[in-house]
Every structure is written in structure tokens, then in C-alpha cells.
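Working notes, beginning with the structure itself.
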Amino acid sequence: MSSYWSPLVHSLDPYIPGEQPRVDGLIKLNTNESPYPPAPGVAQLLQQPATAERLRLYPDPNSQSLKDAIAEDQGLAPAQVFVGNGSDDVLAMAFMGLLKQARPILFPDITYSFYPVYCQLFGVEYHTIPLAEDFSLDLDAYTTDNGGIIFANPNAPTGLAQSLDQIETLLQRNTGSVVVVDEAYVDFGAESAVALIDRYPNLLVVQTFSKSRSLAGMRLGFAAGQAHLIEALNRVKNSFNPYPIDRIAEAVGCAAVRDVGYFEACCQQIMATRETVTGALVGLGFEVLPSKTNFVFARPPAGLDAAELANRLRQDNVLIRYFNKPRVREFVRISIGTDEQMDRLLSLVRSYLQ
Ligand SMILES: Cc1ncc(COP(=O)(O)O)c(C=O)c1O
């Protein structure tokens, strides 16, 4: 606390990111990073002397080459793409540029915990809509007059995905405000709403390079939507930080997007490991929600408390995520690592249950 702080800062309750401890040999399954390196072209690029030499120049404020690469990959026009410094940055632009309206916005009670933080920071009023008993997103409940709707699909931390039909029904009903679909985890088996963009002028889809493209450390994310929505994000970006993507990030992002084969192989491997881990955890008595993400949300069997499980794993150098919040405090979230990392996790869990 300080008397020099603005009243806004006094009132903030900031987002708490998952830990990034520097401990040798730690198995990190707490922040949904990829266990695999970025596409091989990324390492090649970083080794070229010209990459460093170009840093004396400002980057392209439009990040045009990256927009072009994403547009081609997603079957969009470049004017339908916005890029940002991680999808958190893209979401910030969307809150400021599209969701800050006179009416409250709507999002689920259990979802990405950054949404209420941005509401506080940007002065956006909101109402939360409870997930159904089975944690599925009840999109039929999003019927009230609103200033916008945002939800993650698949949702976090549950890992559950909604079908494109359900999202389209919501878009048909909710035409008066923007619907933001946060697709941070969509590449692990869910259906992307990018396919609906040409038909719905109020749809904004947000994706990240942090999970399926193994670039959490680079900070890259993008939004896709009709050009008039993208223009709103550009207007906010150019009034805040006109160069959110540095020269290295732009080149790295292009290399990652263009290597479709490597991207698909990583996603397939993570999904295969996820299914094996799910089966093993169920075999040990866990309840595991059917995940379409690179993590599983699981309730340990009676006798093994979720918080205690997270603590014991931590003592054994394995980090997972525990949320001490209503409705989810009996669950843990476990990111999908390599098969070897998951074998280690499972053998530790087995030993705790003996
Ligand atoms: C649902 C969801 N959206 C957005 C993000 C932000 O990702 P990033 O800022 O790394 O792109 C995360 C990160 O975990 C997330 O879980």
C-alpha cells in the first residue's frame, strides 16, 4: 500500500499466474505449457546472426508477415486477424475495445480467472452465469440483455468443450453485442469457431501460441473476426503500445505457423498421452472430466484430498495446480507432459494411495 497509488490500484485484485520456480529436475504440470520444443525452424532462426542485427530497428507495428501467415493458416483475410503479446494482451484489447459497454458482460462462474481481473482494471461490469452441475457451459442461460459475452472453449480449468452448433445457436440469439470465444486450448480436439466468422459480425475468436505451438515463453496470441472488430482492437493497441510484437516474436511466430506437420504431430502426441493418463487416473479411482485440452481436471478418490495431493507432489518435485475456490476445491488440474513425466506422476500417485 502507498499513498502514491491511484485509487484504481488500491482497488485491484490482480491475477496470480501459476508458479515458474527455478528448481532443477522439477516436472512442471501446473501452467499448461507444451512439454515439446517449438517447431525446428524456430531454433534455426534464433541462431542466425541477422536476427540479432535487426533488433536495432523498430518492428513492423502491423506485424504484417505474422498476420499473413495466420490468415493463410486459418483461411481468413489478413484484415480479419489481430496479433498481440500473448492472448492475455489480445483479451485486454478486446475488453477495452469491445466489451466495455454500458451494460454488464456475461461469463461463466468457473472459467479463466483473468476475466474478472480485466473487468476490474477496465471498469467493465459483469454477471457470472453458473456452469451446469456437470460443469458444462449452459449457453442457453446467456439470454439476458448484455454488453458482451466471453467464454473459453474448451473451458479452463474444466477442460470441457462445447460444440460449434451450441455456439452458433448463441450467436443467432445474441446479435446485439460481441461474443468472444477464447480458444486457448482448441487445438487439442475441440471445434474452432473461426469457421463462423464470415457469418457472424459480432464474433471474435482468440487463440494463443502458448500451448499447441510451444511458445509460452515468446508471448504471442491472435484474434480473428470481421474487419470492423479487428479495427477496434487496432485502435486500442495504437493508443496503448503500438509495437506489442517484437521482431524476433514476429519471425518466430511465422516459423511456427508454417510448420503444420510439426504442430499436428505435437497436438496428436499430447492428446494420446492425455487419453492414457485419463484411463490410468480413472483406474486409480479418480473422477476425470472428459478433456479436450492439454490438461485434465480430476477429483482424487476418497482418502486423498486434492490440496494434499498437490502438496505431496510438490514435495516430490512435481507441480500441478490446485484452486481453492468454491465448486472446484475437490479437483486438481494436471497439465499433460511427456509420457515419461506422466509415468512419474502416476507412480507417485499410486504410492500415495497405498
Ligand atoms: C483460457 C485461457 N485464455 C488465455 C490464456 C492466456 O494465454 P497466453 O497469454 O499465454 O496466450 C490462458 C493461459 O493459460 C488460458 O488458460
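Within segment 51-80, the set of residues being among the basic types (Lys, Arg), more than 25 Å from the chain's Cα centre (by Cα) and modelled with pLDDT of 95 or more comprises just one member, ARG56.
For (1) within 16 Å of the ligand (Cβ to nearest atom); (2) open to solvent by 30 Å² or more (accessible area, probe 1.4 Å), each residue gets a yes or a no:
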site: ALA195; (1), (2): no, yes
site: TYR200; (1), (2): no, no
site: ASN241; (1), (2): yes, yes
site: PRO244; (1), (2): yes, no
site: ARG247; (1), (2): no, yes
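Residues in segment 14-25 that are under 26 Å from PHE263 (Cβ atoms) and open to solvent by less than 70 Å² (accessible area, probe 1.4 Å): GLY18 alone.
Return the residue satisfying two criteria in turn: it lies in segment 86-133 and is charged (D, E, K, R) and in contact (Cβ under 8 Å) with a residue 40 or more places away in the chain, and of such residues it is most open to solvent (accessible area, probe 1.4 Å). Outline the logic, then answer.
First pass over segment 86-133, keeping only residues charged (D, E, K, R): 88-89, 100, 103, 109, 125, 133.
Among the residues that remain, those that are also in contact (Cβ under 8 Å) with a residue 40 or more places away in the chain are: 88-89, 100, 103, 109.
Working: ASP88: 35, ASP89: 32, LYS100: 105, ARG103: 89, ASP109: 62 Å².
For segment 86-133, the residue satisfying everything is LYS100.
Name the residue that is nearest to TYR262 (Cα to Cα), counting only residues in segment 37-84 that are among the hydrophobic types (A, V, I, L, M, F, W, C) and free of Cβ contacts under 8 Å to residues at least 60 places away in the same chain. Across segment 37-84, the extreme among qualifying residues is ALA43.
The values are calculated or read from the model by the stated rules, or taken from the named source; none is laboratory data. Computed from a prediction, not measured in an experiment: that's the story for all the values here. Positions of Cβ are backbone-derived with ideal geometry, glycine not excepted, and every protein chain shown enters the neighbour counts. Ligands, DNA and RNA are stripped out before the accessible areas are found, and what is left, the full protein with its side chains, is counted by its heavy atoms. Shrake-Rupley method; radii C 1.70, N 1.55, O 1.52, S 1.80 Å.
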